[in-house]
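One structure is given below, encoded as structure tokens.
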Amino acid sequence: MKILKNISLKKFNTIKIGGPAKIIYFPENHSEIKAIKNILKKKKTLILGNGSNIAFKDVGYKNDLVCFKKLKKSLSLIGTNNIYASAGVSCAKLAKFAHRYDIPGFEFLYGIPGTVGGALRMNAGAFGSEIWDNVQYVTILDKKFDLVKLDKSKFNFSYRRVSMRNTSAFIDVFFKINKKSKFKKDLLEEFSKKRKNTQPTNQWSSGCIFKNPKKNISASALIDKSELSKTRYGGIYVSNKHCNYFINDGSGTCDDLEKLIKIIQVDIYQQHKIKLEKEICIY
Ligand SMILES: Cc1cc2nc3c(=O)[nH]c(=O)nc-3n(C[C@H](O)[C@H](O)[C@H](O)COP(=O)(O)OP(=O)(O)OC[C@H]3O[C@@H](n4cnc5c(N)ncnc54)[C@H](O)[C@@H]3O)c2cc1C
């Protein structure tokens, strides 16, 4: 198993922020996961996917990290009813795989730069769909660190949230193929174009910084309306393409990021009495 020590965490998140990691384990299969049970058991051990929704503090992460990005990538059709994906598979690969077999419902995942495991943890979504819409079963590592297959009904999920009671990590997932929904060949391309036109997809960011406060109120529109779209702190600034994306110009630190988050939260609260909740995970 690959193990890295004293390495900069900037390499492990898409906003390129963070001090050094003490140690990162990269298990590649189930037996390697079992081999690091004692590491995973520790309360402060953190699971890492592709780091597309994470920033790390400038002092670094002093506890153990386990990255599932190198977990053997398996993606297959199971009969005519299911798609199987392991946690390390990228959301884009899953979307393209479903598209290749004319399976509807996965197009929104194209352009989300995370792993399937991270997407399950965040209940990632776009264009009116969320990953848990398609789930039938998941294999989890439970709090006793056994691998257990659980039905979707064992989880409560909502906008960018899933209950993790007795779950320490998602290992793989069986998606249900929706036979009632119609496959639209151009939808994946349509979503991809929409994303490129409205989001800064080629800059250092971590996607949306805040959750939308209500279904009909987007954090981005609120920031724009409140004339905060040109706000910057140090090396981190509000994207001029999408106000809920913060960009690292290359010199940004976690301190800059947290200060900018605070400035926006305080201002939005003063102007609208709305508390913006963070979507990004900062450790
Ligand atoms: C350009 C850009 C566009 C984006 N667009 C969207 C979008 O449209 N919709 C959307 O929802 N998000 C979007 N995101 C945010 C991000 O891509 C998603 O939240 C993604 O699902 C995170 O996956 P990850 O593998 O990168 O997880 P990470 O960022 O590595 O981790 C996120 C959280 O999940 C946990 N975690 C990771 N893997 C596992 C696992 N196997 N088991 C248990 N916990 C785990 C981590 O501990 C952490 O708490 C975007 C980000 C970027 C940079």
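Values in this text are rule-based calculations from the coordinates and carry no lab data. Being a predicted model, the structure only gives us computed values, none of them experimental. Cβ: placed from backbone, ideal geometry, glycine included. Neighbour counts: every protein chain shown.
Length available on full extension from Asn178 to Arg100: 0.36 nm per residue minus the Cα-Cα distance, which gives 26.5 nm. Label-to-label distance for Phe145 and Asn63 is 1.4 nm, based on points extended 7 Å past Cα in the beta-carbon direction. Model label sites at Lys185 and Lys241, defined 7 Å from Cα along the beta-carbon direction, differ in position by 2.8 nm.
With the cut-off at 1.5 for a/c, could you classify the stretch 179-283 from its C-alpha gyration tensor as rounded, prolate or oblate?
Working: a/c = 2.21, a/b = 1.54, b/c = 1.44.
Note, shape of the stretch 179-283 comes out prolate.
Each residue, Ser8 and Met164, gets one label point 7 Å from its Cα in the Cβ direction; the gap between the two is 2.7 nm.
Between rounded, prolate and oblate, where does the chain land on the alpha carbon gyration tensor, with a ≥ b ≥ c its root eigenvalues, rounded for a/c under 1.5, else prolate if a/b exceeds b/c? List each step's numbers first, then the result.
Values: a/c = 1.80, a/b = 1.18, b/c = 1.53.
Oblate is the answer for the chain, as a/c is 1.5 or above yet b/c matches or exceeds a/b.
Amide H contacts under 5 Å for Leu48: Val66, Cys67, Phe68, restricted to partners 5 or more places along the chain or on a different chain, H placed in the peptide plane at 1.01 Å from N. Normalised by the number of residues in the stretch 1-83, the average gap of Cα pairs under 8 Å and 6 or more apart makes the relative contact order 35 percent.
Each other residue within a Cβ distance under 13 Å of Asn197 adds +1 if Lys or Arg and -1 if Asp or Glu, for a net charge of +3.
Of Lys96/Lys176; Lys16/Lys214; Lys154/Lys182, which pairs sit farther than 22 Å apart, going by alpha carbon to alpha carbon? Display every interim value, and only then the final one.
On the way: Lys96/Lys176 16 Å; Lys16/Lys214 29 Å; Lys154/Lys182 28 Å.
Pairs exceeding the cut-off: Lys16/Lys214; Lys154/Lys182.
With contributions of -39500 (n - 2.57) from each DSSP H run of at least four residues, the per-residue ellipticity at 222 nm computed over the chain stands at -6500 deg cm²/dmol. Counted residue by residue at 0.36 nm each, then reduced by the alpha carbon distance between them, the extension gain from Lys73 to Met1 reaches 24.4 nm. Cα centroid separation, the stretch 75-147 to the stretch 261-283: 30 Å.
Hey, with R₀ at 51 Å, roughly what FRET efficiency would Ser153 and His272 work out to, going by the Cβ-Cβ distance, to 0.05?
Numbers: r = 37 Å, r/R0 = 0.73.
FRET efficiency, Ser153 to His272: 0.85.
In the stretch 2-67, the DSSP beta bridges split such that about 45 percent are antiparallel, to the nearest 5.
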